[in-house]
Amino acid sequence: MAIKGKAAKSATGASMSKYDVEVEGRLQALESSVHSHKSGGGDVASLEAKVDALIEILNRSTAVTQHCPKNADGIRTISL
């Protein structure tokens, strides 16, 4: 006598194991977290200004710039 299983079904209708259900739940939680970070990240101009400020600070450190290629003026700097 066969007993009918109570496995969860995927969006396509395929049976999913208990582990698959757990992994799918975690994946959906991560995806929703990523989407919330993308929508509330601030404006691009503000982020670009912060990156530019960081690059200026790093360019003042010879410990950082000694590993950078030289620019057209022969000075080693970070360039993006």
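The values are calculated or read from the model by the stated rules, or taken from the named source; none is laboratory data. Since the structure is predicted, the reported quantities are computational estimates derived from the model, not experimental observations. Virtual Cβ from ideal backbone geometry, glycine too; neighbours counted across all protein chains shown.
Listed values, structure above:
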{"item": "Residue in the stretch 64-75 that is more than 20 Å from the chain's Cα centre (by Cα), of a type in the set (Lys, Arg) and either modelled with pLDDT under 90 or surrounded by fewer than 10 Cβ atoms within 10 Å (Cβ to Cβ) (or both) present", "result": "no"}
{"item": "Among (1) surrounded by 11 or more Cβ atoms within 10 Å (Cβ to Cβ); (2) modelled with pLDDT under 90; (3) of a type in the set (Val, Ile, Thr) - the single one Val44 does not satisfy", "result": "(1)"}
{"item": "Output for the stretch 41-68, where each listed residue is in contact with a Ser or Thr (Cβ under 7 Å, 6 or more places away or on another chain) and among the β-branched types (Val, Ile, Thr)", "result": "Thr65"}
